[in-house]
1. Which ordering of GLU340, GLU39 is given by a fewest-first count of other beta-carbon atoms within 10 Å?
2. I'd like the distance between the alpha-carbon centres of the range 127-164 and the range 62-113, rounded to an integer number of Å.
3. Among rounded, prolate and oblate, which fits the range 103-159 when a ≥ b ≥ c are the square roots of the eigenvalues of its C-alpha gyration tensor, a/c under 1.5 means rounded, and a/b larger than b/c means prolate?
4. Between rounded, prolate and oblate, where does the range 144-294 land on the alpha carbon gyration tensor, with a ≥ b ≥ c its root eigenvalues, rounded for a/c under 1.5, else prolate if a/b exceeds b/c?
5. Under the 0.36 nm per residue contour assumption, what length would be gained going from the current alpha-carbon distance of ARG463 and ARG356 to full extension?
6. Go through LYS273/LYS299; LYS273/LYS371; LYS34/LYS80; LYS272/LYS371; LYS272/LYS327; LYS154/LYS299 and tell me which ones have a Cα-Cα distance over 30 Å in this structure.
7. Starting from the alpha-carbon convex hull of the range 114-377, give the projected area averaged over all orientations, in nm².
8. Please compute the volume of the convex hull spanned by the alpha-carbon atoms of the range 183-250 and report it per residue in Å³.
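Laboratory data are not the source of any read-out in this text; all were calculated from the coordinates shown. Computed from a predicted structure; not experimentally measured. Every residue, glycine as well, gets a Cβ built from its backbone with ideal geometry; the counts of neighbours run over all protein chains shown.
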Amino acid sequence: MSAAPALAAPRPPQYRRREPEQSLLYETVRTHWKTLLAEVAERSDGGSLPGFVTREFERYLGCGILANGFARVHCDACGKDLLVAFSCRGRGFCPSCTTRRMQGTALHLVDRVLPHVPVRQWVLSLPRWARFLLARDPLLITRTLDRTLREIFKSHRRRARRRGLRGPQTGAITFVQRFGSMLNLNVHLHCIIPDGVFVREQGAVHFEALPAPSDDEVRESLEKIVARLEKLLRPRLDAARDDARPPDALAAAQAAAVAAIAGKPPAATVTKKHAAYLQGYSLHAGVHLHANDREGLAKLCGYGARPALSQERLSALPDGRLAIRLKRPLADGRLQLELEPVELLRRLATLVPPPRAHVTRFHGVFGPASKWRSEVVPVPPAAGPHEHHGPASTGAAPPEQSQSMAPAEAPKPRQRDAKIPWAELLQRVFREDVLVCPCGGRRRVLAFITDRAVVKAMLEHLRLPTTAPPVMPARSAGPDADAWQDDVPELQLALR
């Protein structure tokens with residue numbers, strides 16, 4: 001290249017987030033990742049964490065690093081360029097990528113999936129032993145969700161038929177959450193379900209609202225759900241208890257993360273309205289939104305798709321440990337959770353969803369195969385003139401075989417199934433529009449730079465780092481290393 005672009009101020013948001021006051025989680029992973037791998041190998045005689053977990057951590061270490069490639073955006077008004085780093089697009093714990101995914105999911109559901117009807121959130125929590133089984137087997141999550149929604153849908157249809165409605169149908173959007181407020185492994189289900197049913201009359205589909213379910217109806221639904229889930233999960237629990245093989249590294253970490261619960265059990269919790277508790281299971285249906293509360297619906301969807309960890313809740317203690325500020329006090333009155341760095345990474349490893357396991361799912365009339373979907377979902381809004389719809393996004397680097405510089409495409413109207421523009425998501429996450437230049441002009445994407453030689457030449461010209469921060473070598477065993485010696489007791493505790 002004959003000339004490199006001038007770097008405009010301020011720096012790209014995804015580069016700026018590596019500044020010291022915002023990089024505690026990144027520095028913790030960079031410093032202690034090799035130590036965790038060494039402890040896992042020592043405990044399991046050379047074994048390691050599953051590939052999807054190690055890839056999640058390794059991609060996170062390269063997230064937002066300009067040395068790994070970037071998008072070049074240009075302002076025609078002042079002639080300056082801006083470099084926006086690629087991100088890892090992780091689904092596990094990367095704060096920026098999971099927050100961007102949360103914003104995109106919520107915006108998509110509100111604009112393109114959920115109609116203007118009243119909705120209710122149904123939350124199913126499970127006993128500790130069931131959480132461990134579901135975390136180990138993603139197929140069990142699917143079967144558990146299927147049995148849960150069957151009973152809730154039956155309750156809706158039964159109440160609808162009492163009102164004289166024929167052929168009622170309903171649907172649900174489910175968020176599968178794997179974490180609790182203490183970063184403990186807690187697989188539970190958040191279901192957003194219309195507070196009514198859809199019926200077809202005279203060739204058209206319309207919505208019929210239903211009254212709120214009574215406490216007795218919620219309890220009846222939970223009893224039927226528990227009966228179904230006990231038949232599904234108890235045989236697998238017995239098989240896990242009888243398995244004499246030592247647990248693998250991830251299973252040991254999952255057992256410890258499931259057992260890391262200091263709160264009160266559901267039986268000791270004060271019963272709330274529209275809630276029921278039975279044998280360690282709980283079903284809550286107390287959150288209700290009216291048809292026109294689209295802002296509240298967006299917040300509810302964002303809550304279901306939220307990330308496991310916010311960097312604002314994470315702080316460093318003088319002794320080297322990390323503190324996580326809790327949303328509510330623990331049973332012993334503590335307001336924060338204190339963890340060794342390696343223990344934090346071990347818990348994060350348990351929260352990474354396995355590949356090909358969806359964390360947002362569509363059911364009933366909202367399902368992609370439903371014949372009613374096109375008549376139920378809202379018409380998406382038209383794309384604004386400021387939105388860019390070029391290549392996928394700066395969310396991930398293009399394939400290695402792609403050209404080092406790709407010409408920008410002309411803006412296109414947003415299609416019905418188009419993804420939310422990457423610049424809009426960055427603005428929602430970092431509160432800054434990367435396509436707005438300080439001079440007042442509008443930037444456009446010129447190219448996605450992936451060729452290592454070109455990336456290095458441009459960064460050297462701009463006097464920016466040409467390599468990612470080094471990953472620190474493994475350290476000696478820390479104070480929490482003995483936790484690996486208690487795998488069997490922790491596993492037995494998780495299966496109770």
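1. With the fewest neighbours first, GLU340, GLU39 line up as GLU340, GLU39.
2. Cα centres, the range 127-164 to the range 62-113: 35 Å.
3. oblate
4. Cα axes put the range 144-294 in the prolate bin.
5. Stretched out fully, the ARG463 to ARG356 stretch lengthens by 34.4 nm.
6. LYS273/LYS371; LYS34/LYS80; LYS272/LYS371
7. Computing the convex hull of the Cα atoms and averaging its projections yields 16.0 nm².
8. Hull volume over Cα atoms, normalised by residue count, gives 201 Å³.
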